[in-house]
Structure formats: C-alpha cells, structure tokens
1. Output the residues belonging to segment 131-151 that are under 18 Å from LEU199 (Cα atoms), open to solvent by less than 50 Å² (accessible area, probe 1.4 Å) and at pLDDT 95 or above.
2. Name the residues in segment 158-174 that are buried (at least 17 other Cβ atoms within 10 Å of the Cβ) and among the aliphatic types (A, V, I, L, M), would you?
3. Go through (1) surrounded by 21 or more Cβ atoms within 10 Å (Cβ to Cβ); (2) touching a strand residue (DSSP E or B) at 6+ places or on another chain (Cβ under 8 Å); (3) within 24 Å of VAL49 (Cα to Cα) for GLY182 and report which single condition fails.
4. Under 13 Å from the mean Cα position of the chain (by Cα) and open to solvent by 30 Å² or more (accessible area, probe 1.4 Å): does that describe HIS203?
5. Can you work out which of the residues in segment 94-119 that are out of contact with any helix residue (DSSP H, G or I) (no Cβ under 8 Å at 6 or more places or on another chain) and among the acidic types (Asp, Glu) is surrounded by the fewest Cβ atoms within 10 Å (Cβ to Cβ)?
6. Determine whether GLY191 is buried (at least 24 other Cβ atoms within 10 Å of the Cβ) and not basic (Lys, Arg).
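The values are calculated or read from the model by the stated rules, or taken from the named source; none is laboratory data. Source: prediction; values computed, not measured. Note that each Cβ is placed from the backbone with ideal geometry, even for glycine, and that neighbours are counted across all protein chains shown. Surface accessibility is based on the protein's heavy atoms, side chains included, excluding ligands, DNA and RNA. Shrake-Rupley method; radii C 1.70, N 1.55, O 1.52, S 1.80 Å.
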Amino acid sequence: ADRQPAAGAAGAPAAPVRQLRVARGPLEARGPRLLQRLPGLGPRTLAEVPAGARQIVVVTGKGIDSARSDLAVYRHTAAGWAADADWTARNALNGWTRRHYDDDLRSPIGVFGLTDAGGRMPDPGTKLPYDQSPDFATQGIGFEGESLAHSFDYVVAINYNREAGVSPLDLTRPLGEARGGGIWFHVDHGGPTHGCVSLSEDHMKALLRMLDPRLHPVVVMGDAASLSH
C-alpha cells in the first residue's frame, strides 16, 4: 500500500468482448455509451462480481509489471451498461499480483467493494460515508522524486483486507498484517504507488460524486490479461 498517514500508519459469466475504445475524459457531455457486456472482462472475472453490483469501476493495467492503467466507470441501466467515465490512472510500481503482500509494491488483482471514503479536504459531494480528518495528511517523496503531500486529500477505500463500513483510516486487517492493506483510490502524485490506484485530483472528485452506495459499487482491478480470463 502507499505510505499511510501518521494516524493510520498510511451475473452471470459472459464471454470476453473486444475492448471499448473511447476518447479520454468524462463521457457525460456526449451522453453515455450503452453496452450489453462489460468490455475486457472474461468469464472468471465476471463470476466474481456480486450479482447486485450495478456500478462497476474497472481498472485495467497495461501489463502485469506495469504501473500504468486505464480506468472506466460503468453503471447498469434498463438498456445495458452505461460507460460514464474513461480516465488514465497509475497503480503500484511493480504492477499487479493475485496474492498481495505488504511492501511487494504490487496492486492486488480482484473484485472489491467500494463502501467508504475520506480525505484531508472537505467532502466534494459524495454519497459514500466520508471521513474528513487531518490524519489523512502525508509527506515524503515518491519513487520518481515527487512530493506525496496532497495524495490523500481525497480517497476511496478499496475493500481489500479491510472491514467495510468504517473510515479508510481503520487498521483492521482480516487477512493479517502480512497481506497488506490501506489500498485506496487517491490523488495522483506524479509517480507509481505502493499498491493503490491514483487519479488526477479532478477525476478523484468526479469519482467520489459518481459512486452511489444504492448501486452497490465495486472495483474490478488487475492487468488486462488477468481480467480477460
């Protein structure tokens, strides 16, 4: 996971379809593109998505060892899946793993709930429970010499090895400390992360406003090859 702030010590299976290619940036201005199936996700991956999930964030890494990703937000409607956003993102320095451990510098592959948010800055208008706290402050230098100072201005907890329904700062680790934790969406600091997924500040605020607990949002994350199975 990324360096934590001082107080926190940081459906049915379906065949894969061709990757959707859309312009970068929010799609609302053009109207959402409707899809019958989620692109890039194979039967095994889709089988892990809870049946009640009607909002899905897909983070697709460019390679198993790559720190670069694409992120798309989909919302289920009566007409199909609406693609609400398509952005670039970063993930962990060493890429991805199906069995994440603390300090392996890889992001966990899997399907995880999105139930809790927070940050150092005020709530930008999310429907998720939001914990504003100075304890989200962090400092230090990233892998490319960049400042980490504003990384946790806005965060969404990814429910990997954590309890749902509590602040992202909570340190409970159901799988044990060795399996890491503190995996979040957070503000991009200009370089790879320790395990989190980072977005520009504007996109983080947009994601926070999009996520709706009534739709039971989840994230599906991993490298493209892994997600296609």
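1. Hits for segment 131-151 are PHE136, GLY142, GLU146, LEU148, ALA149, SER151.
2. The answer is ILE158, LEU169.
3. For GLY182, the exception is condition (2).
4. Working: under 13 Å from the mean Cα position of the chain (by Cα): yes; open to solvent by 30 Å² or more (accessible area, probe 1.4 Å): yes.
Spelling it out, HIS203 is indeed under 13 Å from the mean Cα position of the chain (by Cα) and open to solvent by 30 Å² or more (accessible area, probe 1.4 Å).
5. The extreme case among them is ASP103.
6. The answer is no for GLY191.
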